[in-house]
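Please read the structure below before turning to the comments.
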Amino acid sequence: MDYAQFLRRVPKVELHCHLEGTVRAATFAELAGKHRIPLPTSEVDSLYDYDTIEAFLEIFGLVASTLIDEEDFERVAFESLEDGQRLGNLKYREMFFNPTLHTRRGVPYRTVVDGLVAGIRRADRELGVGCRLIADVYRQDSPEVALAMVEEVLAHRPDEVIGLGMDGAEAPDPPERFAAAFARAKAGGLRLTSHACEDAPPKNIVTCLDVLGCERIDHGYHILADQAVVQRALDAGLYFTCCPTATARVYGWPDLSRHPIGGMVAAGLNVTLNSDDPTMFHTDIGREFVDLCTALEYGPEQVRSFCLNSVDGSWLDEGDKSRLRREMAAEFDALHAELGA
Ligand code: HPA
Ligand code: ZN
């Protein structure tokens, strides 16, 4: 086993991955055919190419538009977890989905969530990979649409749905617009996170913590511009869900050895590694570990921290968390011994 194989094989938990961004190109093409949705090209893989967040979000919406029946949602949820296991030894994922990208096309919320839950339960049964769901506010929606979405999430809530998050283009739509949606989710017992400071200053992290009540931060790369916010994150033990490849592409850090993730790790922040929109950025959770840890020359000790940070930062119950942590630490240590042998 070489070091790249080791990085691929270490056991992983992922906290930042969007269901709609995990759809295989072949499945996207098949579903578009099934529902007679015209695509700009029959070479769908070539659609997965962009260098701005806006261009990416347009294709993300097109992929979402091919998911219509409950069985479509079941299929993509299952395949997404199957890919995580096969390509990166994924054990457990907390996965985002965007309800309003579906409901605004007339797909009932129940169809979306029941399909996803069926796929997740099948992956648990057949593959032993766990998954929970985080419903994401889409920032380009209005605050009223976001609040109505949260009410819908709370009204039909299988155990798998555990949290509220927020994505979409960050720069034009700051987090404080969605205070009411987050307050309602908190009152309803959902855990809270948000994409922040991926394309905006550190004050968005402060708003997410103080106004929205977020418990994690998705991305967070510009935090190093404000030492006071770094200190606050260190004091609070805040977890950051970082995504090397996606942000290398759309936010202009093509050389991973100079990606701000390196500075965040050096500052002592709790960083986790994630694939964001794996198929849509031609990556997977295994590859994120290989590419980032190779570029930054991280040894096994740092890799072990990445693996276990994700368990510690997850929203599993304490019992499940400590069991998974024990199992993953043992599997990691066995692989490490094999690497050294
Ligand atoms: N950022 C913003 N919006 C998104 C992302 C992301 O990482 N992935 C899917 N939608
Ligand atoms: Zn994301």
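The values are calculated or read from the model by the stated rules, or taken from the named source; none is laboratory data. These numbers come from a predicted model, not from an experiment. As a convention, Cβ positions derive from the backbone with ideal geometry for all residues, glycine included, and neighbour counts pool all protein chains shown. When the accessible area is computed, the model is the full protein with side chains, heavy atoms only, and any ligands, DNA or RNA have been set aside. Shrake-Rupley method; radii C 1.70, N 1.55, O 1.52, S 1.80 Å.
Which residue is nearest to ligand 2 (Cβ to nearest atom), if the candidates are limited to region 79-118 and must be aromatic (Phe, Trp, Tyr) and within 25 Å of Arg323 (Cβ to Cβ)?
Filtering region 79-118 for residues that are aromatic (Phe, Trp, Tyr) and within 25 Å of Arg323 (Cβ to Cβ), the one nearest to ligand 2 (Cβ to nearest atom) comes out as Phe96.
Pairs linking a residue in region 298-327 that is more than 12 Å from Lys91 (Cα to Cα) to a residue that is modelled with pLDDT under 95, with Cβ atoms under 9 Å and 6 or more positions apart or on different chains, are Pro300/Gly340.
Search region 254-265 for residues being touching a residue at least 24 places away in the same chain (Cβ under 8 Å) and outside any helix (DSSP H, G or I), and hand back the single one that is farthest from ligand 2 (Cβ to nearest atom).
The initial filter retains those residues of region 254-265 that are touching a residue at least 24 places away in the same chain (Cβ under 8 Å), namely 255-257, 259-265.
Now narrow it down to the ones that are outside any helix (DSSP H, G or I): 255, 259.
Details: Asp255: 21, His259: 15 Å.
Out of the qualifying residues, it is Asp255.
The set of residues in region 35-60 that are away from ligand 1 (no atom under 16 Å from the Cβ), part of a helix (DSSP H, G or I) and surrounded by 13 or more Cβ atoms within 10 Å (Cβ to Cβ) comprises Val44, Asp45.
With in a helix (DSSP H, G or I) and in contact with a Phe, Trp or Tyr (Cβ under 6 Å, 6 or more places away or on another chain) as the only criterion, which of Leu324, Leu308, Leu339 stands out? Talk me through it step by step, then tell me what you get.
Values: Leu324 fails: in contact with a Phe, Trp or Tyr (Cβ under 6 Å, 6 or more places away or on another chain); Leu308 fails: in contact with a Phe, Trp or Tyr (Cβ under 6 Å, 6 or more places away or on another chain).
Among Leu324, Leu308, Leu339, only Leu339 is in a helix (DSSP H, G or I) and in contact with a Phe, Trp or Tyr (Cβ under 6 Å, 6 or more places away or on another chain).
When every residue of region 64-78 is checked against the conditions, at least one turns out to be closer than 26 Å to Ala146 by Cα and within 16 Å of ligand 2 (Cβ to nearest atom).
Of all residues in region 263-311, exactly one satisfies the criterion of being surrounded by fewer than 16 Cβ atoms within 10 Å (Cβ to Cβ) and within 19 Å of the chain's Cα centre (by Cα), namely His282. Taking the conditions (1) assigned to a helix (DSSP H, G or I); (2) under 26 Å from Thr193 (Cα atoms); (3) free of Cβ contacts under 8 Å to residues at least 60 places away in the same chain in turn, Thr283 satisfies each one other than (1).
Quick grid of which residues meet (1) within 12 Å of ligand 1 (Cβ to nearest atom); (2) buried (at least 21 other Cβ atoms within 10 Å of the Cβ); (3) within 18 Å of Pro175 (Cα to Cα):
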site: Cys197; (1), (2), (3): yes, yes, yes
site: Val206; (1), (2), (3): no, no, yes
site: Val211; (1), (2), (3): no, no, yes
site: Leu224; (1), (2), (3): no, no, no
site: Arg232; (1), (2), (3): no, no, no
site: Pro244; (1), (2), (3): yes, yes, no
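Kindly indicate whether any position in region 219-231 is within 14 Å of ligand 2 (Cβ to nearest atom) and in a helix (DSSP H, G or I). Yes, region 219-231 has at least one match. Cβ separations smaller than 9 Å between residues 6+ apart or across chains give the following pairs from region 177-194 residues that are in a strand (DSSP E or B) to residues that are of a type in the set (Lys, Arg): Arg191/Arg216; Leu192/Lys186; Leu192/Arg216; Thr193/Arg216; Ser194/Arg216.
Among the residues of region 119-144, count how many are farther than 22 Å from Arg184 by Cβ and either within 16 Å of ligand 2 (Cβ to nearest atom) or not in a helix (DSSP H, G or I) (or both). Matching residues across region 119-144 total 4. Answer yes or no: is there a residue in region 5-14 that is crowded, with 19+ Cβ neighbours inside 10 Å, within 15 Å of ligand 2 (Cβ to nearest atom) and modelled with pLDDT of 95 or more. Yes - at least one qualifying residue is present in region 5-14.
Against the test of being within 16 Å of ligand 1 (Cβ to nearest atom) and either under 16 Å from the mean Cα position of the chain (by Cα) or open to solvent by 10 Å² or more (accessible area, probe 1.4 Å) (or both), the options Val76, Val63, Val145 yield a single qualifying residue, Val76.
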